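The values are calculated or read from the model by the stated rules, or taken from the named source; none is laboratory data. On a predicted model such as this, the values are computed, not experimentally measured, just so you know. Don't worry about glycine lacking a Cβ; one is built from the backbone with ideal geometry, like all the others, and counts go over all protein chains shown. Quick note on the areas: whole protein, heavy atoms, side chains included, nothing else; ligands and nucleic acids left out. Shrake-Rupley method; radii C 1.70, N 1.55, O 1.52, S 1.80 Å.
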Amino acid sequence: MAVAVAAVFAITLAGCKNSMKTKETGYSGEDISGIVEILRDRETKTASVHISEDTEWALYAGPAVDEIDITEAVESGRADGEFPVDVPAATRSYFQVVTPEGRAIMAERHLPMAGGFNFRDLGGYRMSDGRYVKWGMLLRSDEMNTLTDDDLTYLASVPLVSVVDFRSEDEIAKAPDRLPATVTHHYAYSIAPGNLRENISLTKMPSEEEGVSLMEEMNRLFVTDGQVVGQYRRLFELLADETNAPLLFHCTAGKDRTGIAAALILYALGADDETVMRDYLLSGQYVAVKYDALTNRFPELGPFMTVRQNYLDAALREIDNRYGSVTEYLTGTLGADLDALREIYLY
């Protein structure tokens with residue numbers, strides 16, 4: 001049983017494309033955020049729009065942000081509910097939604113990967129200065145070795161250019177990434193269990209409390225272990241070069257190594273604590289399907305197969321205690337150029 005637990009634990013470690021304007025107007029999503037959501041079916045990739053308030057709305061679409069056809073709506077209505085949207089299923093579309101409350105550029109946050117579970121776009125989040133993260137520029141995911149041919153076609157339509165793989169060398173060797181044809185840069189920035197295992201060991205099936213404690217300690221190590229910090233520093237070097245975008249970063253579950261990376265990126269772009277935590281906790285929703293069979297059989301593994309607020313909190317407290325603040329950590333330890341990143345990824 002100890003071997004099985006250790007293996008599972010290792011897995012958890014283990015256009016004007018940059019313009020968010022059409023030819024006619026700019027956009028603010030502040031007034032309608034939370035009212036409208038674009039959805040895609042994971043298997044069929046068919047699109048729908050979910051309207052959470054009884055309001056008048058219209059939806060326009062195009063293959064890129066700067067190619068949205070604002071002359072004819074693909075769907076419109078005056079009611080709440082979920083409505084099918086007639087756009088190509090095989091490739092990604094970007095949308096302009098218009099309501100009496102405002103208008104905004106949108107796409108689906110959860111990408112419809114039949115061979116993946118936790119593929120997400122960081123676009124659309126509102127930053128503290130009122131700007132928004134551009135859609136289709138920063139993506140996060142779980143493993144990519146099981147992607148289908150249709151999945152790869154869809155990712156090519158993003159169009160994805162760079163992939164950063166945080167998995168260990170062993171994980172990569174056993175399950176190499178499948179990549180869309182548009183990817184020209186593929187980086188193996190392995191965050192291996194190695195140094196972490198020296199600090200965390202599992203010799204028996206842990207209790208719930210022990211599992212939570214181990215996950216908290218792992219997240220503290222993610223922001224202090226020299227090997228891990230070096231890989232995150234390399235990620236921020238890539239992000240500062242616009243030619244690397246659109247960029248996707250991933251690990252095995254897309255929740256731990258990737259979750260910390262996403263949190264740091266959002267903080268670098270100016271997100272508040274609530275926004276960062278909301279994105280972090282979304283992984284719990286999507287990896288549940290992936291690991292339900294395992295956790296049903298071994299409930300003690302539950303803490304390792306999900307995310308919890310206290311996991312990220314443990315990392316953030318460690319940053320504050322050691323470095324003073326997340327901003328000081330980003331700029332001083334990771335060498336992040338905040339002004340450059342915000343110029344590239346915000347509108």
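Quick check on my filter: what residues within the range 74-92 are open to solvent by 40 Å² or more (accessible area, probe 1.4 Å) and either at pLDDT 95 or above or among the aliphatic types (A, V, I, L, M) (or both)?
Once the filter is applied, which keeps residues that are open to solvent by 40 Å² or more (accessible area, probe 1.4 Å) and either at pLDDT 95 or above or among the aliphatic types (A, V, I, L, M) (or both), the range 74-92 yields 74, 75, 76, 82, 83, 84, 86, 88, 90, 91.
Go through the residues of the range 324-337 one by one and say whether even a single one is in a helix (DSSP H, G or I) and among the small types (Gly, Ala, Ser).
Within the range 324-337 (the criterion being in a helix (DSSP H, G or I) and among the small types (Gly, Ala, Ser)), the answer is yes, since at least one residue qualifies.
So which residues in the range 151-161 are open to solvent by less than 40 Å² (accessible area, probe 1.4 Å) and either farther than 27 Å from residue 37 by Cβ or part of a loop (DSSP other than H, G, I, E, B) (or both)?
The answer is 157, 158, 160, 161.
Collect the residues in the range 50-67 that are open to solvent by 60 Å² or more (accessible area, probe 1.4 Å), closer than 14 Å to residue 158 by Cα and under 22 Å from the mean Cα position of the chain (by Cα), keeping them in residue-number order.
Of everything in the range 50-67, just one residue is open to solvent by 60 Å² or more (accessible area, probe 1.4 Å), closer than 14 Å to residue 158 by Cα and under 22 Å from the mean Cα position of the chain (by Cα), namely 63.
Would you please list the contacts, defined by Cβ atoms under 6 Å and residues six or more apart or on different chains, that run from a residue in the range 32-50 that is over 13 Å from residue 109 (Cα atoms) to a residue that is open to solvent by 50 Å² or more (accessible area, probe 1.4 Å) and assigned to a loop (DSSP other than H, G, I, E, B)?
Qualifying pairs under 6 Å: 32/101; 35/52; 35/53.
Applying the selection to the range 68-107, what residues are within 21 Å of residue 126 (Cα to Cα), of a type outside the set (Gly, Ala, Ser) and under 24 Å from the mean Cα position of the chain (by Cα)?
Hits for the range 68-107 are 94, 95, 96, 97, 103, 105, 106.
Only residues that are crowded, with 21+ Cβ neighbours inside 10 Å, assigned to a loop (DSSP other than H, G, I, E, B) and of a type in the set (A, V, I, L, M, F, W, C): list them for the range 118-150, please.
Matches in the range 118-150: 119, 122, 135, 137, 144, 147.
On the basis of being out of contact with any Lys or Arg (no Cβ under 6 Å at 6 or more places or on another chain), surrounded by 24 or more Cβ atoms within 10 Å (Cβ to Cβ) and aliphatic (A, V, I, L, M), does residue 70 make the cut?
So residue 70 fails the test.
Looking at the structure I just gave you, is residue 243 within 20 Å of residue 139 (Cα to Cα), of a type in the set (Val, Ile, Thr) and more than 16 Å from the chain's Cα centre (by Cα)?
In short, yes.
Given the structure, is residue 104 touching a helix residue (DSSP H, G or I) at 6+ places or on another chain (Cβ under 7 Å) and either not in a loop (DSSP other than H, G, I, E, B) or not polar (S, T, N, Q) (or both)?
Against the criterion (touching a helix residue (DSSP H, G or I) at 6+ places or on another chain (Cβ under 7 Å) and either not in a loop (DSSP other than H, G, I, E, B) or not polar (S, T, N, Q) (or both)), residue 104 does not qualify.
With the checklist (1) surrounded by 16 or more Cβ atoms within 10 Å (Cβ to Cβ); (2) more than 28 Å from residue 258 (Cβ to Cβ); (3) modelled with pLDDT of 50 or more in hand, flag the one item residue 95 doesn't pass.
(2)
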